[in-house]
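Following: one structure in structure tokens, then a few remarks.
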Amino acid sequence: MRDRGFSIVIGVMLALTLAGCGLEVQNLGIPAQGDNQTEGGLPATGEPEVERPAFHFRSGTLELGDFVYEDIKDNLFDPCQEISAEEFAQIGFKSTGQSRYLIHNGGWGCALEGGDPNLIYLVATASSTKDEIVAGAERVSVDMSDVVDDAVTYRGFDDEEESCIAAVDTVRGQFSVLAGRFEGSVTFEELCNEAVTVLDHLYEI
């Protein structure tokens, strides 16, 4: 049953090609010693360095921000490999650990086990930017998270199975979590709330 569910979810994510591409990790923005710093370690402007909003995983920092797919297509964020099993366990999930290349949108994704047993979960990198999604997806809602700045939700593109994707642009592509109905009666709003909750928890690690 779960294999069927994963196929459904992969089909949903493949349709993201209607929009665009990408995601990228960046340095924390800490200048090297002697580079435009005062003796107190502040930039030459005298202003303290402001840390940009980011996901903080053991593999590195994934900053929120704009991206151009062509610039980062060889460095897409792979959540299935770059988020550790311990980090997934921290939010109550287990990753299959098997990255699947989403050929139609040039991203990576994998199923998650855990959460509501009536739902299917997928974490992925998509090639579409937020602006592309807003222009082409259905049932788009912006600023849905109180935790992740500029996160959006939108309806998955599978006509047969209801699903909701919570996503945010990062410098290594669009990082997204999908919650889809596996069985039982679940509203679209409940799916979106679930997807946003998982995205929030990953951000708070």
Fill in: region 147-159 - phi-based ³J(HN,Hα) in whole Hz, Karplus 6.51/-1.76/1.60, Gly and Pro as x
10, 9, 4, 6, 5, 10, 10, 7, 6, x, 9, 7, 6
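Can you check what the net charge comes to around Val134, using other residues whose Cβ is under 15 Å from the Cβ of Val134 (Lys, Arg +1; Asp, Glu -1)?
Values: positive: Lys130, Arg139, Arg155; negative: Asp66, Asp131, Glu132, Glu138, Asp143, Asp150, Asp169.
So the environment of Val134 carries a net charge of -4.
Give me Phe67, Phe93 sorted ascending by neighbouring Cβ count inside 10 Å, so fewest comes first. Write out the running numbers ahead of the final one.
Details: Phe67 24, Phe93 20.
The most exposed by this proxy come first: Phe93, Phe67.
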Item to complete: Please work out the Cα center distance from region 135-205 to region 89-103, rounded to the nearest Å.
Response: 16 Å
Worksheet entry | Sequence-distant residues sharing a close amide H with Glu113 (under 5 Å, placed H) | Lys94, Ser95, Thr96
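Every number here is computed from the coordinates shown, using simple stated rules; none is lab data. Since we're looking at a predicted model, the values are computed, not measured. Heads up, the Cβs are rebuilt from the backbone with ideal geometry, glycines too, and the neighbour counts pull from every protein chain shown.
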